[in-house]
Amino acid sequence: MRTIAITAAALMLAAAAVGCSSNTSDDKPAKAPTSQPAKPTPTLDPTEARAACVDAIAKAIQDDNDPEETGDRPAECKSIADSDWLDAYMDGLHQRNQKNLDSLGGS
C-alpha cells in the first residue's frame, strides 16, 4: 500500500512538473536558415596542380627547405600521387637549377 502511495505521489509530481512548463513560442513556423549553401571547392586541372607543385618544390629548395630532406611536402603537392612525386620533385629541382644558371648568365 505504501509503495502505491509513493508511486502515485511521484506520478503526480511528474505530471505537475510537465504541466507547469511554459511554451514561449508564438506557434509561428520556424524560419528557414538564411545561410548560403557551401560553394564547391575549386579544383585544379591535374596539369595545373602538377605545375603548381613543381613551382612550390623549386621555391622550397631555393629557400633551403628541401622537401626530400625535411619530409614535408608543400601544400600544393597534396594532390600529387606518391607514384608521381619523384618526377615532380626532379622537375622542381631542375627548375630551381635552371633559374640559378639563368641568374648567373649561364645557359
| Do you know which residues across segment 50-89 are of a type in the set (A, V, I, L, M) and part of a loop (DSSP other than H, G, I, E, B)? | Ile80, Ala81
| query | Looking only at residues in segment 90-105 that are of a type in the set (A, V, I, L, M) and part of a helix (DSSP H, G or I), which one is surrounded by the most Cβ atoms within 10 Å (Cβ to Cβ)? | reply | Leu93
| message | Cβ contacts < 7 Å: first residue polar (S, T, N, Q), restricted to segment 69-85; second residue at pLDDT 90 or above, any location; separation 6+ or different chain. Result? | response | Ser79/Ala49
| field | Any hit, segment 72-80, residues being surrounded by fewer than 12 Cβ atoms within 10 Å (Cβ to Cβ) and under 21 Å from Thr43 (Cβ atoms) | value | yes
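The values are calculated or read from the model by the stated rules, or taken from the named source; none is laboratory data. Keep in mind it's a predicted model, so treat the numbers as computed, not measured. Ideal geometry is used to build each Cβ from the backbone, glycine not excepted, and the neighbour counts take in all protein chains shown.
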